[in-house]
Amino acid sequence: MANIPMSLPVHSRARPKRRDGGGARPALDPDRVERSWLISDSMDRERMLDMDRQIKPVRRRSFAVMAAALLLCGPWMGWWTIAPLAVAGVMFSLADSAVERLSRPEYLLFAAWAGSELMIEMSVALTGGPNSPAMGWFAIPIVTLSARFPARGVIAGLAVTVAMMVAVAFGVNAQAVLHHPPLLVMPLALTIAVAILSTALMRSDVKHRSEAVIDQLTGMLNRNSLTERTVELAHQSERTGQPVGLIVGDLDHFKEVNDSHGHATGDAVLQDVAYLLRKQLRAFDLAYRIGGEEFLVLLPGADSEHTEVMAERLREAIEASTVGAGLRVTMSFGVSASPSGSAFDYKAICAEADAALYEAKGSGRNRVCAAVQASRQALAV
């Protein structure tokens, strides 16, 4: 079977901790873990992408409010002030169209965010520097930092913003700042306070959201988070015409593991299998635990052939590894994908993959069966 092309790179995922009293996993090779200075592990990246999708409509409304304010103030501040806001909107639009295709999307999102602060800095510089009524606007993008990034990203963004505020205030009118320091001190205090408050609120929200959409045993997304993502993929595929691959996998004879070795070992097996599955996937692929020993993977941009190749890679990874207390297990997979040029129909594609999984189970297990193969064999019968 052909290898997945370079457009479908494979990255590793961070392995969760055991819940059977075994403590943390051994340290992983740093070169095999998806880390960056903004994101500590793959779960942070998945949360960032999920939150960015949540922020998009809110950001558009906030841009509309800012644009309305600039238009109302046009007679006093000049109509040109709307130009930097328009540039920031274009930057975010370009970032939105590319972020799902990148293996390190955090850099693009942070760059677009920093660009929005730069546009505010330009507006402040051209409307009076420290005397500008727009000085407080530096705090607006700060709210979205904690929604996307962990503490290190918030600190980095706040440092960038503070540097911009100090630079524009002293660069435009240092005498005004020295003569009346509150011109700079008050906006700085507002910006820092917003960062502190929004981070605290977001951490609480993330905790509750994680409990609702993250499987606490494996660290994977659960069934609750699947519906919203499939709706987004349907809209995205309808707009771009790109296919979406879907893989359903089920551990073979998992009941025997629980019966022979106990549920603690069974839990450890599920944790290890989840880790092995995730580390084969791209940064923007999503893996879900949808049942006891059943997993589902969504592959944006992957057609039937590439989805089948990926499923085979997952099968081989499970077969070649020891899991739990040194056990060997196998996994069966069903594969389907939406056609290029049409919207992703989750229910139909999932039903096809389920039928293919049933065929894989019935024809000997530890194999990948594609939906087309399942359909042909059913017709032959």
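The values are calculated or read from the model by the stated rules, or taken from the named source; none is laboratory data. Owing to the predicted nature of the structure, the values given are computational and were not obtained by experimental measurement. Note that each Cβ is placed from the backbone with ideal geometry, even for glycine, and that neighbours are counted across all protein chains shown.
If I filter the range 231-243 for residues that are within 30 Å of the chain's Cα centre (by Cα), assigned to a strand (DSSP E or B) and either closer than 22 Å to Leu109 by Cβ or touching a residue at least 60 places away in the same chain (Cβ under 8 Å) (or both), do I get at least one hit? For the range 231-243, residues within 30 Å of the chain's Cα centre (by Cα), assigned to a strand (DSSP E or B) and either closer than 22 Å to Leu109 by Cβ or touching a residue at least 60 places away in the same chain (Cβ under 8 Å) (or both): absent.
Being more than 22 Å from Arg229 (Cβ to Cβ), touching a residue at least 40 places away in the same chain (Cβ under 8 Å) and touching a Leu at 6+ places or on another chain (Cβ under 6 Å) is a description that does not apply to Ala268. Checking the stated criteria, Ala360 turns out to be surrounded by 24 or more Cβ atoms within 10 Å (Cβ to Cβ), in contact (Cβ under 8 Å) with a residue 12 or more places away in the chain and farther than 25 Å from Thr227 by Cα. Just so you know, in the range 268-302 the residues that are part of a strand (DSSP E or B) and among the aromatic types (Phe, Trp, Tyr) include one that is modelled with the highest pLDDT, and it is Phe295.
Here is a yes/no grid of residues against (1) surrounded by fewer than 18 Cβ atoms within 10 Å (Cβ to Cβ); (2) modelled with pLDDT under 95:
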site	(1), (2)
Val166	yes, no
Ala174	yes, no
Val177	no, no
Met202	no, yes
Arg209	yes, yes
Ala212	yes, yes
Leu217	yes, yes
Asn224	yes, yes
Leu233	no, yes
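Ala156 meets all of the listed conditions (1) crowded, with 20+ Cβ neighbours inside 10 Å; (2) aliphatic (A, V, I, L, M); (3) over 30 Å from Trp79 (Cα atoms) but one, namely (1). Going by what's in this entry, would Val248 be described as in contact with a helix residue (DSSP H, G or I) (Cβ under 6 Å, 6 or more places away or on another chain) and at pLDDT 95 or above? Yes; evaluated as a whole, the condition is true for this residue.
If you scan the range 62-76, which residues turn out to be over 12 Å from Ala86 (Cα atoms) and either surrounded by 12 or more Cβ atoms within 10 Å (Cβ to Cβ) or in contact with a His (Cβ under 9 Å, 6 or more places away or on another chain) (or both)? Those that are over 12 Å from Ala86 (Cα atoms) and either surrounded by 12 or more Cβ atoms within 10 Å (Cβ to Cβ) or in contact with a His (Cβ under 9 Å, 6 or more places away or on another chain) (or both): Ser62, Ala69, Leu71, Cys73, Gly74. For Asp272, the requirement of being buried (at least 22 other Cβ atoms within 10 Å of the Cβ), under 24 Å from Arg365 (Cα atoms) and more than 20 Å from the chain's Cα centre (by Cα) is met.
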